[in-house]
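What follows is a set of notes on a single structure, which appears directly below.
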Amino acid sequence: MINNKKVVVVLPAYNASKTLKITYDEIDFNVVDDVILVDDLSNDDTVEVGKKLGIKHIVVHEHNEGYGGNQKSCYNKALELGADIVIMLHPDYQYTPKLIPAMSSLLGSGLYHVVLGSRILGTGAMKGGMPLIKYVANRGLTFIQNILLNAKLSEYHTGYRAFSREVLEAVDYSANSDNFVFDNQMLAQIWYAGYEIAEITCPTKYFDDASSISLKSSTVYALGVLKTSIQFRLQKWGLINNKIFQLRT
């Protein structure tokens with residue numbers, strides 16, 4: 001716990017059997033109270049590895065529900081378990097679990113309700129092997145998003161995120177896409193609801209067993225990012241009424 005707040009790590013998994021153990025072994029259980037593994041109908045033995053590691057809370061999808069759909073299950077289960085702080089950590093070991101205590105502390109202090117592990121702050125992205133085309137796309141999309149959302153984040157595309165219970169109960173993440181653009185829709189929802197977002201420098205690793213999306217999926221994602229940012233601006237101007245920006249009642 002951090003300041004008597006329950007910390008839960010959620011692992012949205014798809015074919016993560018080769019990297020799940022090394023990720024799990026670096027989680028600091030002096031801080032973390034529970035771990036949830038959500039398997040999106042993997043083709044490997046991710047679930048069996050999770051059971052051998054002693055992960056008590058394992059959710060297995062009956063159908064492949066996509067990256068966004070996986071996160072929805074993660075957050076629903078974390079709230080069900082009474083989490084006050086939820087850390088979303090990819091089990092492919094691209095992001096180091098060693099930042100969990102720092103991210104939890106930022107939320108536990110009450111200063112922020114959202115923390116992102118940024119690969120762009122510092123030089124971690126290129127040192128970790130981020131492909132140049134992905135780096136350029138990341139910078140370009142982030143520049144446009146900061147203008148449209150009137151924000152100053154270093155990147156919107158990290159998969160390392162921490163949320164307070166308050167945020168997860170306020171924004172309607174269930175209304176978001178089941179695909180990769182879910183991440184961006186959620187950040188747009190958080191900004192729209194008026195919450196501040198903190199960032200912490202995060203090293204990253206690119207290697208053969210780390211997950212990666214195809215060029216086609218990357219293109220669809222980029223278009224979805226631009227669409228979400230434009231929708232945010234139109235919503236702010238009162239020109240549309242998009243359901244994703246409606247707070248839960």
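Inside region 210-249, can you point out the residues that are of a type in the set (Lys, Arg) and in a helix (DSSP H, G or I)?
Listed by number, the residues that qualify are 216, 227, 233, 236, 243.
Would you check if residue 46 is polar (S, T, N, Q), crowded, with 17+ Cβ neighbours inside 10 Å and in contact with a strand residue (DSSP E or B) (Cβ under 9 Å, 6 or more places away or on another chain)? Please lay out each step first, then the result.
On the way: polar (S, T, N, Q): yes; crowded, with 17+ Cβ neighbours inside 10 Å: yes; in contact with a strand residue (DSSP E or B) (Cβ under 9 Å, 6 or more places away or on another chain): yes.
Against the criterion (polar (S, T, N, Q), crowded, with 17+ Cβ neighbours inside 10 Å and in contact with a strand residue (DSSP E or B) (Cβ under 9 Å, 6 or more places away or on another chain)), residue 46 qualifies.
How many residues are part of a loop (DSSP other than H, G, I, E, B) and touching a Leu at 6+ places or on another chain (Cβ under 9 Å) when one looks only at region 17-47?
Initial filter on region 17-47 (part of a loop (DSSP other than H, G, I, E, B)): 17-19, 26-33, 40-45.
Those still in the list that are touching a Leu at 6+ places or on another chain (Cβ under 9 Å) too: 27, 33.
Matching residues across region 17-47 total 2.
Picking from 188, 198, which residue would you name as being surrounded by fewer than 18 Cβ atoms within 10 Å (Cβ to Cβ), at pLDDT 95 or above and not polar (S, T, N, Q)?
198
I need every pair where a residue in region 227-249 that is closer than 15 Å to residue 190 by Cα has its Cβ under 6 Å from the Cβ of a residue that is in a helix (DSSP H, G or I) and among the aromatic types (Phe, Trp, Tyr), sequence separation at least 6 or different chains.
235/245; 245/192
Consider residue 118 carefully, then state whether it is in contact with a strand residue (DSSP E or B) (Cβ under 8 Å, 6 or more places away or on another chain), among the polar types (S, T, N, Q), under 18 Å from residue 72 (Cα atoms) and crowded, with 20+ Cβ neighbours inside 10 Å.
no
The values are calculated or read from the model by the stated rules, or taken from the named source; none is laboratory data. Quantities reported herein were computed from a predicted structural model and do not represent experimental measurements. Every residue, glycine among them, receives a Cβ derived from its backbone with ideal geometry; neighbour counts consider all protein chains shown.
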